[in-house]
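**Q** I'd like to ask you about the structure that follows.
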Amino acid sequence: MKKLILMLTSLLVLSTAVFAADPAVGLWKSIDDKTGKITAIWRVYEQDGKLFGTIAATTDAPQDIPASSCKESYKNFPVSGAVNKMKVVGTPWIFNMVKESEGNWKDGNIIDPSNGKMYGCVIKYLKKGDKHKKVTATGPTLAMAGTVGPIQVFQYWVPATEDDIKEAQLKNPAEN
């Protein structure tokens, strides 16, 4: 009986390790690199081996605002329909990221729904103490870059919670 319990416990531990999510997956607060203000709460997730991200809550606009500044369509956009009529919340603005290594993703795109500009995208997970450019992570951090050719402009995102989403939704409720 002890052997059976030991074997089942070992199997459980191994299966947890095998199915553990990439550290970039989760809820993140995007922070404006100029003002230091939180711009949105993001839900980053893996699907079919690629990384995607949707805005889970806006911090300065109603939750049901359409992405009217966007173009009608974008190359390789993962959702069909007119992008400029989609809601800012819930649309995959980060898409088709390819895993480079654990916590590091590249070769995807990000669209800024506030102005409709599409950029290449690089995401690097930093644990506490990791250095990236001139930043030392004080805790789990996503170094997220929009790229144009060789130019990479990084923002540093910090972990968020479901409570952060609820708070933003209460502060900026849907209008309709």
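The values are calculated or read from the model by the stated rules, or taken from the named source; none is laboratory data. What you see is a predicted model, and the numbers here were worked out from it, not measured in a lab. Every residue, glycine as well, gets a Cβ built from its backbone with ideal geometry; the counts of neighbours run over all protein chains shown. Keep in mind that these areas ignore ligands, DNA and RNA; they rest on the heavy atoms of the full protein, side chains included. Shrake-Rupley method; radii C 1.70, N 1.55, O 1.52, S 1.80 Å.
Listed here are the residues, each with its yes/no results for (1) within 19 Å of ALA21 (Cβ to Cβ); (2) without any contact (Cβ under 8 Å) to a residue 24 or more places away in the chain.
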site: ASN96; (1), (2): yes, no
site: GLU100; (1), (2): yes, yes
site: ASP130; (1), (2): yes, yes
site: THR136; (1), (2): no, yes
site: TRP157; (1), (2): yes, no
site: GLU162; (1), (2): yes, no
site: ASN172; (1), (2): no, no
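**Q** Something else now. For the range 91-112, which residues satisfy the criterion of being under 30 Å from LYS71 (Cβ atoms) and either open to solvent by 20 Å² or more (accessible area, probe 1.4 Å) or aromatic (Phe, Trp, Tyr) (or both)?
**A** TRP93, PHE95, ASN96, VAL98, LYS99, GLU100, ASN104, TRP105, LYS106, ASP107, ASN109, ASP112
**Q** I need the full set of residues from the range 136-156 which are part of a loop (DSSP other than H, G, I, E, B) and open to solvent by 40 Å² or more (accessible area, probe 1.4 Å), in order please.
**A** Correct list: THR138, PRO140, GLY149, PRO150.
**Q** Further question: Do you know which of the residues in the range 47-64 that are over 18 Å from SER30 (Cα atoms) and touching a residue at least 24 places away in the same chain (Cβ under 8 Å) is surrounded by the fewest Cβ atoms within 10 Å (Cβ to Cβ)?
**A** Across the range 47-64, the extreme among qualifying residues is GLY49.
**Q** Quick one: in the range 113-135, which of the residues that are small (Gly, Ala, Ser) and either under 17 Å from LYS29 (Cα atoms) or in a strand (DSSP E or B) (or both) is least open to solvent (accessible area, probe 1.4 Å)?
**A** The qualifying residue least open to solvent (accessible area, probe 1.4 Å) is GLY120.
**Q** Continuing with the same structure: Considering VAL83, VAL79, which residue is open to solvent by less than 50 Å² (accessible area, probe 1.4 Å) and over 14 Å from the mean Cα position of the chain (by Cα)?
**A** Every option except VAL83 fails the conditions.
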